Amino acid sequence: MRAYGKIILFGEHVVVYGYPALAAALCAGVECQISKKSSETNSKNIILDFPQLKFKVTQNDSGTIADALRIILNSIPLPHKPCEIIVRSEIPFRAGLGSSAALAVALSKTILSIHEQNWELSRINELAYLIEQIFHGTPSGIDNTVANYGGLCLVADTSKYQLPDFVTQKIFLPKMTAGLLPKFSSAISLIVVNTGKDRDTKKVVEQVRILYQNNPSYYESVFSEIGSFAIKGYQLLQSQKYQEFGELLNLNHQNLQKLNVSCPELDKAWQDARDAGAIGAKLTGAGGGGCLIAFAPNKEKEVMEQLKNKGWNCFLSQIS
Ligand code: MEV
C-alpha cells in the first residue's frame, strides 16, 4: 500500500492557527509491502523493516514508530495477525515532504488490509491524524490529508475562513476542514531542493508557538498575511499567471523568515534558485532545514543544472 508525499505551496505554520494553506501531493511517497504473512512467519509480532534506515521495529518496542503501530493495532478490535512489512520511502525522511504522514497512511492501510478491514478514506485519515500527533504534537492535519487523498488540498479553520465554492470535496478534520481542489488545466513543475539539513517538525512548530505567545499582535499580522496567499496562489496557477505566482512564493518565504523558520542553508538555496533563473522559491514544510521549492516554468532543466553545479541536491516534481 502506498501514500503520497507532499509539498506545501503556501501557508505552512499559519495553518496550525487556522489560517488557510495549500498543499499538493507528490507522485513519490512511502510504500509498505507485506513480505511475510501470518502463515509465513514464526514471530508473534508485527515487524516493520526499514531497509533504507537499516532498522526494524515491532509493536513491543519503544519509540514513536512503535507507538504509531500500537495506535493502528488498538483501532482494530480483532486478534492481531503477526506479519513482516517492508517500508520503503521514495522521499527523504525529516525533510518537509510529509514522510511521516505518508508512513502513517500507508502503514494504516496495510495493517487494516492484513486484518481484512475495509475502512473509508475519512476513517483512515482520522487514524493517520492520531499518528501525526505522536510525530508532530499539534498537527493541522494537512499532511495526512494530502498523503491519504492525493491531489491538491486547501485546509483552514472554517469557523474563521470560508473555503472557496470551487472545492470538489470537503473533509472534516478534528480542528480544520480540508477542501480538495480541481486539477490545474496544465501540469505544474516545481524544483525541489533538499538542503540535507535534518530538522524536527515538532520542535520548529513549538518554536513558532513561543514566538507567537511572546508577541501575539505582531505574529498575528504575519500569520494573517501568509494566510492570504493560499487561495490567491491557487487562482494564480489556475489562470497561468506564473510571474505573480512566483512572486507570491518569494513573499511567503520572506514572511516565513519573520517566523524564524528559515535557516542559512534554506536562504542560500532561495538565493541560488532565483540567481539561476527561478521566478520564485520558498521553503516548504516546517523549515529549519529540509526542502525548498523553486518555480521556473519552461526552464526547469537549466535552473536545475545550475543548482546542481552549485552542489545542491534537487529533483523535479509535477503537481496537477
Ligand atoms: C508541516 O508539514 C506543516 C506545518 O504547518 C505543521 C502542520 O500543519 O501540522 C509546519
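The values are calculated or read from the model by the stated rules, or taken from the named source; none is laboratory data. Since the structure is predicted, the reported quantities are computational estimates derived from the model, not experimental observations. Glycine also receives a Cβ, built like all others from the backbone with ideal geometry; neighbour counts cover every protein chain displayed. Ligands, DNA and RNA are stripped out before the accessible areas are found, and what is left, the full protein with its side chains, is counted by its heavy atoms. Shrake-Rupley method; radii C 1.70, N 1.55, O 1.52, S 1.80 Å.
Structural remarks
- One residue stands out in the stretch 121-140 among those that are among the β-branched types (Val, Ile, Thr) and at pLDDT 95 or above: the one that is most open to solvent (accessible area, probe 1.4 Å), namely Ile134.
- Verdict on Gln207 being open to solvent by 40 Å² or more (accessible area, probe 1.4 Å), in contact (Cβ under 8 Å) with a residue 24 or more places away in the chain and within 12 Å of the ligand (Cβ to nearest atom): yes
- Any hit, the stretch 28-35, residues being within 24 Å of the chain's Cα centre (by Cα), open to solvent by less than 20 Å² (accessible area, probe 1.4 Å) and hydrophobic (A, V, I, L, M, F, W, C): yes
- Look at the stretch 1-23: where a residue is within 17 Å of Val167 (Cβ to Cβ) and a partner is basic (Lys, Arg) and open to solvent by 10 Å² or more (accessible area, probe 1.4 Å), sitting 6+ places away or on another chain with Cβ atoms under 9 Å, you get Phe10/Lys232; Gly18/Lys160; Gly18/Lys175; Tyr19/Lys160.
Per-residue answers, yes or no, for (1) polar (S, T, N, Q); (2) at pLDDT below 95; (3) open to solvent by less than 20 Å² (accessible area, probe 1.4 Å); (4) not in a strand (DSSP E or B):
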position: Gln257; (1), (2), (3), (4): yes, no, no, yes
position: Asp272; (1), (2), (3), (4): no, no, yes, yes
position: Ala278; (1), (2), (3), (4): no, no, yes, yes
position: Lys282; (1), (2), (3), (4): no, no, yes, no
position: Gly287; (1), (2), (3), (4): no, no, yes, yes
position: Ile293; (1), (2), (3), (4): no, no, yes, no
position: Pro297; (1), (2), (3), (4): no, no, no, yes
position: Met304; (1), (2), (3), (4): no, no, no, yes
position: Gly311; (1), (2), (3), (4): no, no, no, yes
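- As for the stretch 192-199, it holds at least one residue that is within 27 Å of Cys263 (Cβ to Cβ), open to solvent by 30 Å² or more (accessible area, probe 1.4 Å) and among the charged types (D, E, K, R).
- When the stretch 155-176 is filtered for residues that are open to solvent by 70 Å² or more (accessible area, probe 1.4 Å) and in a strand (DSSP E or B), the ones remaining, listed by number, are Gln169, Lys170, Phe172.
- Considering only residues in the stretch 141-154 that are open to solvent by 10 Å² or more (accessible area, probe 1.4 Å) and of a type outside the set (Phe, Trp, Tyr), the one that is farthest from the ligand (Cβ to nearest atom) turns out to be Gly151.
- Taken over the stretch 172-224, the residue count meeting the criterion of being more than 17 Å from the chain's Cα centre (by Cα) and charged (D, E, K, R) is 5.
- Residue within the stretch 72-95 that is within 16 Å of the ligand (Cβ to nearest atom), surrounded by fewer than 16 Cβ atoms within 10 Å (Cβ to Cβ) and closer than 30 Å to Phe172 by Cβ present: yes
- Lys202 being in a loop (DSSP other than H, G, I, E, B), within 24 Å of Gly290 (Cβ to Cβ) and open to solvent by 50 Å² or more (accessible area, probe 1.4 Å): no
- So Phe223, is it among the aromatic types (Phe, Trp, Tyr), in a loop (DSSP other than H, G, I, E, B) and open to solvent by less than 70 Å² (accessible area, probe 1.4 Å): no
- Yes/no for Asp267 being at pLDDT below 95 and out of contact with any helix residue (DSSP H, G or I) (no Cβ under 7 Å at 6 or more places or on another chain): no
- Screening the candidates Leu163, Leu130 for the property of being under 17 Å from Ser100 (Cβ atoms) and not small (Gly, Ala, Ser) yields one hit, Leu130.
- Residue in the stretch 102-116 that is away from the ligand (no atom under 16 Å from the Cβ), open to solvent by less than 10 Å² (accessible area, probe 1.4 Å) and of a type in the set (Gly, Ala, Ser) present: yes
- Among (1) within 26 Å of Met176 (Cα to Cα); (2) modelled with pLDDT of 95 or more; (3) in a loop (DSSP other than H, G, I, E, B), the one test that Phe93 misses: (2)
- Residue within the stretch 29-47 that is within 16 Å of the ligand (Cβ to nearest atom) and either in contact with a helix residue (DSSP H, G or I) (Cβ under 6 Å, 6 or more places away or on another chain) or of a type in the set (D, E, K, R) (or both) present: yes
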